[in-house]
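Down below is the structure, laid out as structure tokens.
None of the figures in this text is laboratory data; all of them are computed from the coordinates on show. In this text the structure is predicted, and so the values were computed from the model without any measurement. All Cβ positions, even for glycine, are placed from backbone atoms using ideal geometry, and neighbour counts span all protein chains on display.
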Amino acid sequence: MRDLFCDAVNCLKVENLQIRSNGKALLDVSSLVLDGPGPTLILGPNGAGKSLLLRCLHGLITPDRGQVVQDGKPLGAAQKARQAMVFQKPVLLRRSVAANLDFVLKRQGMGRRARKARIAELLAEGGLDGKARQPARSLSGGEAQRLAILRALALDPETLFLDEPTSALDPSATQMIERMILRASALAVRIVMVTHDIGQARRLASDVVMMQGGHVVEHGVAKQVLNSPESDASRRYLAGGLVT
Ligand SMILES: Nc1ncnc2c1ncn2[C@@H]1O[C@H](COP(=O)(O)OP(=O)(O)OP(=O)(O)O)[C@@H](O)[C@H]1O
């Protein structure tokens, strides 16, 4: 069991979190501390509660019991403003690539010249230079997901949640997104990401959360969890066996 106190910047804590539906607990996590030095990857079979946990951490769902604490404070508007989330299917505005980024920057009160410079910087970061005027809806799946990540990064978040962002992408598109995630992590953005790709967890994670049946069955340093899992559920999942 890890200590409930943490000194790390952007530390996220879950205390006695529960989500119920029809008298059944869909999510039941007594304690979880995300304070590692790099990306946290959440793994587990379908229906394990990974997306529910991510949505709770981002404040999109209010739990029936318990709370999420960021840097020692219960998750409120100020904490949520320091977070961003990217979904499996990128949600983009029916505007050009640049206008999608401009929208976010303008809302933050950034002036025109500064926005222009920041947009150029972001497009270069996502390998989308040359696509600024293209309608966002006409981008390929990989490009659209890169734009969704850039739009999240435009908010300068301290924490970035990603829910299976590469599940529909080919290996090269996946690799580009993994590089963006690692670069953001190196710039101290706390990354919390759901994946079904065990190889991806090996490539990205500093710590791994294994979930099953709405519970966290294991949380620890990535190499340890992925190479020598302690729980039967983790062992079966990682071996590709049936987890019931
Ligand atoms: N709004 C809801 N109302 C009722 N049940 C829900 C709701 N959202 C999720 N669930 C249930 O909670 C459980 C966990 O769902 P969740 O989406 O978190 O799983 P997951 O681990 O992300 O699965 P997958 O890998 O398939 O995306 C599932 O049984 C799901 O049907």
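Overview of results
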quantity	calculated
For region 1-80 versus region 91-170, the gap between their alpha-carbon centres in whole angstrom	27
Net lengthening on full extension, residue 18/residue 197 (0.36 nm per residue, minus Cα-Cα)	61.8 nm
Given 24/223; 89/223; 80/131; 13/50; 13/106, the pairs whose alpha carbons are separated by over 26 Å	24/223; 89/223; 80/131; 13/106
Net lengthening on full extension, residue 133/residue 188 (0.36 nm per residue, minus Cα-Cα)	16.7 nm
Nearest-20 debye value, region 171-217 charge dipole, Cβ charges on Lys, Arg, Asp, Glu	140
Cα gyration tensor, the chain - rounded (a/c under 1.5), prolate or oblate	prolate
Among 161, 103, 87, residue whose mean-square fluctuation peaks in a GNM of the chain (springs only between Cα atoms under 10 Å)	103
Least to most buried among 13, 80 (fewest other Cβ within 10 Å first)	80, 13
Charge-dipole axis of region 144-244 as Lys and Arg at +1 and Asp and Glu at -1 on Cβ define it, positive-most pick from 219, 196, 182	182
Mean Cα-pair separation over length for the chain, i.e. relative contact order, pairs under 8 Å, 6 or more apart, %	26
